[in-house]
Amino acid sequence: MIGAAAVAALVVVLVVVVLLLSGSVTSAQEDQPIAFNHQIHAQNGVQCQFCHNDVTRGSTASLPSVQLCMGCHQSIATDSEEIQKLTQYWEDGEPIEWVRINEQPSYVHFNHAAHVNNGVNCGSCHGDVATMSIAEPVTDMSMGFCLDCHAEQEEKDRLFDCATCHY
């Protein structure tokens, strides 16, 4: 029989584990289905918003679809092992299951469009991804990180309202 103190301690441990797992950053070392090199694409003039094309229209920065990638890679670097993996997704009609590197907890409402359309540069939160072969988190996208940025804005009183970011 488990005592009340043991049950309470177990609940506390479970809550801490859930909070740790729901953080805004996942491991950049997780294997992506295709080894995507941000640096090579940036060096060839591909802008963030070409691949993450919903960033100016919605809350999320969409991850590139097979169709978008194949728009270029039907004729570019077709001998590459990674592009051959991409082509297999295309031929199988399967989506690429990209692993998100930065993800907000479910209780945070972050809207990329609101930020990008108001002049916030992608690098402000994501760092200089154009120099990264593998995208990695560069900031702790915690509440403090966001509040520090909001404190610098002209509309900081509105931006400090809890309902701005939390439902």
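We did not get these values from a lab; they are worked out from the coordinates using the rules stated. The shown structure was predicted, so the numbers you read here are calculated from the model rather than taken from an experiment. So basically every Cβ, Gly included, is an ideal-geometry build from the backbone, and we count neighbours across all protein chains shown.
Quick look at the values:
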item	result
Debye, to nearest 20: dipole size of segment 37-167, +1 on Lys, Arg Cβ, -1 on Asp, Glu Cβ	240
FRET E, pair S133, M70, Förster distance 25 Å, beta-carbon r, rounded to 0.05	0.70
Cleavage-rule hits, GluC sites (Glu not before Pro), segment 65-120, DSSP coil, Cβ neighbours within 10 Å at most 11	E97
Space enclosed by the convex hull of the alpha-carbon atoms of segment 21-167, per residue, Å³	125
Dimensionless Rg/Rh of segment 109-163 - Kirkwood Rh, Rg from C-alpha atoms	1.00
Computed FRET value (nearest 0.05) for D157 with F50, which takes r as the C-beta separation and R₀ as 35 Å	0.45
By average C-beta atoms within 10 angstrom, highest first, the peptides 158-164, 140-146	140-146, 158-164
Burial ranking of peptide ranges 123-129, 73-79, 113-119 (average Cβ count within 10 Å, highest at the top)	123-129, 113-119, 73-79
